[in-house]
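Accompanying notes for the structure given below.
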Amino acid sequence: MRRLSRRKALSLVKELDAFPKVSDSYVETSTSGGTVSLIAFSTMALLSVLEFFVYQDTWMKYEYEVDKDFSSKLRINVDITVAMRCQHVGADILDLAETMITSGGLQYEPVVFELTPKQREWQSTLHRIQNRLREEHALQEVLYKSLLKGAPTALPPREAVFMQSPDACRIHGDIYVNKVAGNLHITVGKPIHHPQGHAHIAAFVSHESYNFSHRIDRLCFGEEIPGIINPLDGTEKITYDNNQMYQYFITVVPTKLKTYKITADTHQFSVTERERVINHTAGSHGVSGIFFKYDTSSLMVTVSEQHMPLWQFLVRLCGIIGGIYSTTGECRAFLHLHFRPGLPDGHRFPAQKSSKNCQTL
């Protein structure tokens, strides 16, 4: 009984066979068919390899939502070199709530303003990257995926010690501020606390020593990530006027970065630059110095690295192989119907004449 039921099951499965077999005696090979098969297999292999490279690649997905975090502090990373001596210049922050934040987290380091040849080469390379980023915004995704592996983006240290004395001041460090609009400014004199306002002691600094030529080696908001190039990195401004004012209007956007290499909370920003000479007689009023006026956006961007799922890769791969196989089958059938086997290529089958003698059953 078991053998009988097994035979019935096998016969039932055999009747459901949707791929009928052809006897070897009915199979005929040809040069044209072999050529088509060779081209088909080569195309399958090539497209399968290219599809595997597409499967290995990733892309960045951008999602937007309202930033509901109002209580946390905003970190500002500063590395700016000003062409003035450290005793003549000071930096601090005044936010929209009239809260003065001292520059306790900043360090003043006497340096030489002129760059070494290696540092100048680094700055030129950074300028070229910045120009490409302004033209092709998709390059930022390449930086997210490749330079996050730890590629250095800081200014290379000096190799040789200059004989000249330091003529500039490097202001660098971190400052934590409230998430409201504020103004980071670098001007003449050290900042002092005053209950009724904001002041810098500049009485003992001669006007001839004013020089706000500066270089921004690093300015970013939030967590500092190696490999991320910010809009103001590498900026250099040279002035020959003592009363020069530089203004940078910055809009900061909170950003959550999620890649296969790193997860971090950072901030992107856009900037608009403006510079002018202070001349009270000509109606250009103000205070000479460097001013970074920033404001935070209410939207938050989540940038996550996406990868093609395995099932989608297999479906695409089966589609490639099945499509090429079906197409080449049609090509082989076309060649078989239009070219007689055994004759040189180009000889067609003669037209078959229909027989007039028919036998009636």
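The values are calculated or read from the model by the stated rules, or taken from the named source; none is laboratory data. Just so it is clear, the model here is predicted, and its values are computed rather than measured. Virtual Cβ from ideal backbone geometry, glycine too; neighbours counted across all protein chains shown. Surface areas here come from the heavy atoms of the whole protein model, side chains and all, with no ligands, DNA or RNA. Shrake-Rupley method; radii C 1.70, N 1.55, O 1.52, S 1.80 Å.
See the values below:
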{"quantity": "Net charge of neighbours whose Cβ lies under 14 Å from the Cβ of Arg170, counting Lys and Arg as +1 and Asp and Glu as -1", "calculated": "-2"}
{"quantity": "Whole-Hz ³J(HN,Hα) from phi, Karplus 6.51 cos²θ - 1.76 cosθ + 1.60, for the range 89-94, glycine and proline x", "calculated": "10, x, 9, 7, 10, 10"}
{"quantity": "Overall form of the range 233-334 per C-alpha gyration tensor (a/c, 1.5; a/b vs b/c)", "calculated": "prolate"}
{"quantity": "³J(HN,Hα), Karplus 6.51/-1.76/1.60, whole Hz, each residue of the range 172-188, x for Gly, Pro", "calculated": "9, x, 10, 10, 9, 10, 6, 7, 10, 5, x, 9, 8, 10, 10, 9, 6"}
{"quantity": "Net charge over other residues, Cβ less than 12 angstrom from the Cβ of His88 (K, R count +1; D, E count -1)", "calculated": "0"}
{"quantity": "Amide hydrogen neighbours beyond the local backbone of Gly227, cut-off 5 Å, H modeled", "calculated": "Thr153"}
{"quantity": "Gyration tensor (alpha-carbon) shape descriptor, the range 43-84, a/c threshold 1.5", "calculated": "oblate"}
{"quantity": "Whole-Hz couplings from phi, Karplus 6.51/-1.76/1.60, listed for the range 229-234; x for Gly and Pro", "calculated": "9, 8, x, 9, 5, x"}
{"quantity": "Environment charge at Ala264 (Cβ cut-off 13 Å; Lys +1, Arg +1, Asp -1, Glu -1)", "calculated": "0"}
{"quantity": "Other-chain or far-sequence residues with amide H under 5 Å of Gly222's (modelled H)", "calculated": "Arg75, Ile76, Asn77"}
{"quantity": "Amide H contacts under 5 Å for Gly189, placed H, 5+ residues apart", "calculated": "Val89, Gly90"}
{"quantity": "Share of carbon and sulfur in the accessible heavy-atom surface of the range 155-310 [1.4 Å probe, %]", "calculated": "55 percent"}
